[in-house]
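What follows is a short report on a single structure.
Values in this text are rule-based calculations from the coordinates and carry no lab data. Source: prediction; values computed, not measured. Heads up, the Cβs are rebuilt from the backbone with ideal geometry, glycines too, and the neighbour counts pull from every protein chain shown.
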2 protein chains.
Amino acid sequence: MTITAHFAAGADRWPDWQEPLRAAFAEAGLDVTLTDSAPDPTAVDYIIYAPGSPLQDLSPFTNCKAVLNIWAGVERIVGNPTLRMPLCRMVDPSLSEGMVDYVTGHVLRYHLDIDAHIAGQDGVWRHERVPPLARERPVAMLGLGALGQACARALLAHGFPVLGWSRTPRDVAGVECRAGADGLTETLARAQIVVTLLPQTQETQNIIDARALATLARGAYLINPGRGPLIDDDALIAALDTGQLAHATLDVFREEPLPPEHPFWAHPRVTVTPHIAAETRPHTAARVIAENIRRGEAGEPFLNQVDTDRGY
Amino acid sequence: MTITAHFAAGADRWPDWQEPLRAAFAEAGLDVTLTDSAPDPTAVDYIIYAPGSPLQDLSPFTNCKAVLNIWAGVERIVGNPTLRMPLCRMVDPSLSEGMVDYVTGHVLRYHLDIDAHIAGQDGVWRHERVPPLARERPVAMLGLGALGQACARALLAHGFPVLGWSRTPRDVAGVECRAGADGLTETLARAQIVVTLLPQTQETQNIIDARALATLARGAYLINPGRGPLIDDDALIAALDTGQLAHATLDVFREEPLPPEHPFWAHPRVTVTPHIAAETRPHTAARVIAENIRRGEAGEPFLNQVDTDRGY
């Protein structure tokens with residue numbers, strides 16, 4: 001019997017997800033009718049969902065076996081009173097790969113001063129501008145969770161010395177690890193490139209403030225693919241204006257989309273990227289969705305099912 | 001007794017080399033008087049040299065024990081009739097590290113479309129532009145010598161599928177290796193990013209010609225840190241103009257410095273870098289110089305001594 005899956009993760013995502021989902025269903029040997037409109041809600045077996053979807057009343061979907069979220073975050077659906085079926089969040093193994101690509105790519109961009117080469121196509125042969133080697137360029141990784149560790153390992157493999165910092169002490173092979181307030185000062189003081197991959201908590205709020213920025217060696221670089229509130233925006237702009245910080249690449253912001261009038265957009269020493277460092281990739285996430293449908297049909301427990309009482 | 005080393009590698013290099021050399025001599029426990037002027041040539045024990053140096057008549061240096069070249073290439077000194085002392089070329093282990101930095105950095109730059117982010121700071125949040133993962137982006141490495149293999153290994157470690165090509169068959173772990181003309185066509189047809197690290201020979205001349213460029217998938221990228229003559233410049237510009245090739249980053253040229261009027265400089269789809277991908281780094285090369293002076297003083301054979309009959 002055909003399984004009916006209803007794509008309710010937003011009309012703007014449908015073009016990118018349709019093919020990957022069909023391919024993943026075929027790969028898993030599942031006979032799924034995939035639709036972005038559900039004429040008969042009672043015929044729907046699975047809802048493929050994203051927070052912020054126009055679909056908020058789930059009560060007509062009386063035979064739905066699970067809501068399968070395409071994002072990791074479920075804050076905006078878990079409390080929905082019409083959610084009476086299991087909810088699964090997305091744990092996409094490619095998130096970590098995408099983050100490693102982003103962090104390594106932007107670290108090497110700063111390391112090689114690629115921006116200066118892109119901008120400096122003026123016919124002047126500046127042969128004297130040879131960058132140091134990776135092993136001469138210490139990189140600080142603030143945050144040593146799963147993503148921070150994956151990035152630290154990739155940077156180490158490439159030859160960069162990695163200075164790790166976390167709120168509570170961690171031990172990561174090959175990384176010079178520090179913790180606590182003193183450890184942060186020492187880590188920042190020795191880094192030429194700082195990557196912030198900390199979780200957003202009360203303690204990490206504004207961790208990159210005027211004092212932290214002043215601790216850096218002059219001309220250091222900052223990459224923030226972690227969380228917007230880690231950064232004190234005004235302090236960052238002040239440090240960029242004086243040249244204390246040479247450049248910043250920011251992927252996350254206090255308000256997203258970053259408003260067009262925010263000074264980050266126009267600042268010559270800032271690159272804004274639109275929260276893409278660890279975006280769900282349809283091709284890999286579709287396989288997680290397919291696996292959960294297979295499990296549902298086989299009566300096996302779902303992957304990543306949310307405990308609605310705990311909220312994650 | 002103090003050893004006298006005469007720096008004759010060009011006045012413009014003296015500021016960058018002076019300190020690294022003194023540090024390397026100290027590290028090796030050598031008592032060296034380092035000078036960029038040699039009032040008494042007969043007092044000079046070692047000449048630190050670069051091809052193109054104003055010093056061409058070596059005959060007054062009657063007590064010189066060796067000429068220590070700071071470059072790998074010795075074509076412009078090996079035939080000098082006044083060269084009667086041993087000549088050593090530079091084999092700097094950091095050359096390979098610098099090349100890996102350059103190749104990995106520019107591959108990731110293309111992979112992440114970093115140029116578009118740098119240029120696109122217009123306040124528009126283009127969240128839909130998520131790059132594929134490294135494992136979905138095949139990179140072709142043309143040339144599997146020491147540098148090509150080092151770069152291939154770094155790209156593999158990062159997750160990129162690597163398609164290797166060499167004139168004569170090679171076997172590199174993890175790399176899908178091909179050789180010969182048919183192998184080249186197949187390699188190019190499947191690559192999204194092509195890196196050319198071939199030696200300059202009769203056979204590799206213009207290997208990236210109109211036919212090779214037409215074989216690529218539309219929108220591919222080219223990185224040439226190998227040799228200028230590998231590329232047919234006119235064919236490259238034609239392929240960029242039609243969009244068949246999306247962008248090229250070129251570090252080496254038929255004529256260097258690349259003349260200011262060369263169309264590569266002004267082309268919006270070309271980044272010229274000034275032959276820096278595998279530049280000698282004073283800090284690491286100075287240690288090789290110091291080791292050779294130590295060997296000379298100890299009566300041990302020099303490292304990388306040139307066979308002047310063979311010419312390398």
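For the stretch B:151-159, putting each phi into the Karplus relation 6.51 cos²θ - 1.76 cosθ + 1.60 with θ = phi - 60° gives couplings of 5, 4, 5, 5, 5, 4, 4, 7, x Hz, in residue order, rounded to whole numbers and with x for Gly and Pro. Rg and Dmax, both from the Cα atoms of chain B and both in Å, are 22.5, 70. Plainly put, the stretch A:130-175 has a radius of gyration that is 1.00 times its Kirkwood radius, both from alpha-carbon atoms, as the Rg/Rh ratio. Sparsely packed loop sites in the stretch B:261-303 (the GluC sites (Glu not before Pro) outside DSSP H, G, I, E and B with at most 11 other Cβ atoms within 10 Å) comprise B:E261.
In plain terms, the residue of B:I70, B:I118, A:I231 with the fewest other Cβ atoms within 10 Å comes first and the most crowded comes last, giving B:I118, B:I70, A:I231.
If one computes P(r) from the Cα atoms of the stretch A:94-272, what percent of pairs lie at distances over 28 Å?
Percentage above 28 Å: 19.
The angle between the Cα long axis of helix B:93-112 and the main principal axis of chain B comes to about 20°, on a 0 to 90 degree scale. For the residues B:P93, B:P263, B:P15, a GNM of chain B with alpha-carbon springs under 10 Å puts the largest fluctuation on B:P15. As a calculated quantity, the FRET efficiency between A:H127 and A:A179 at R0 = 35 Å, using C-beta atoms, amounts to about 0.20. Loop-located GluC sites (Glu not before Pro) across the stretch A:131-213 with a Cβ neighbour count of 13 or fewer within 10 Å are A:E203, with loop assigned by DSSP. Take every pair of alpha-carbon atoms less than 8 Å apart whose residues are at least six positions apart; their mean separation over the length of the stretch B:1-154 yields a relative contact order of 18 percent. The Cβ shell under 13 Å around B:A220 holds other residues with a net charge of +4, Lys and Arg each +1, Asp and Glu each -1. Copy-to-copy label distances for A:P257, where each label lies 7 Å from Cα along Cα-to-Cβ, are 4.3 nm in order of increasing length. Against chain B, whose longest principal axis comes from its Cα atoms, helix B:282-298 is set at around 40 degrees. The value obtained for the protein assembly as shown, namely the Cα convex hull volume divided by the number of residues, is 190 Å³ per residue.
Filter the chymotrypsin sites (Phe, Trp or Tyr not before Pro) in the stretch A:1-37 to those in DSSP coil with at most 16 other Cβ atoms within 10 Å of their Cβ, and list the result.
Hits after loop and neighbour filter: nothing returned.
Relative to the longest principal axis of the Cα atoms of chain B, the long axis of helix B:180-190 lies at roughly 60 degrees.
Considering only A:I48, A:I118, A:T62, and ranking their Cα positions along the charge dipole of chain A that arises from unit charges at the beta-carbon of Lys, Arg, Asp and Glu, the one farthest toward the positive end is A:I118.
When the Gaussian network model of chain B links Cα atoms closer than 10 Å, the mean-square fluctuations of B:T271, B:T62, B:T280 top out at B:T62. Comparing B:T187, B:T273, B:T33 in a Gaussian network model of chain B (Cα springs below 10 Å), the most mobile by mean-square fluctuation is B:T33. Using only the C-alpha atoms, the convex hull of the stretch A:16-106 corresponds to 128 Å³ per residue. Each of B:A154, B:I207, B:C177 was scored by the projection of its Cα onto the charge dipole of the stretch B:135-219, and the greatest displacement toward the positive side belongs to B:A154; charges sit on the C-beta of Lys, Arg, Asp and Glu. For A:V306, nonlocal amide neighbours, meaning residues 5 or more places apart or on other chains whose placed amide H falls under 5 Å from its own, are A:L87, A:C88, A:R89.
Rounded to the nearest 20 debye, the dipole size of chain A about its Cα centre is 700 debye, using +1 on the Cβ of Lys and Arg and -1 on the Cβ of Asp and Glu.
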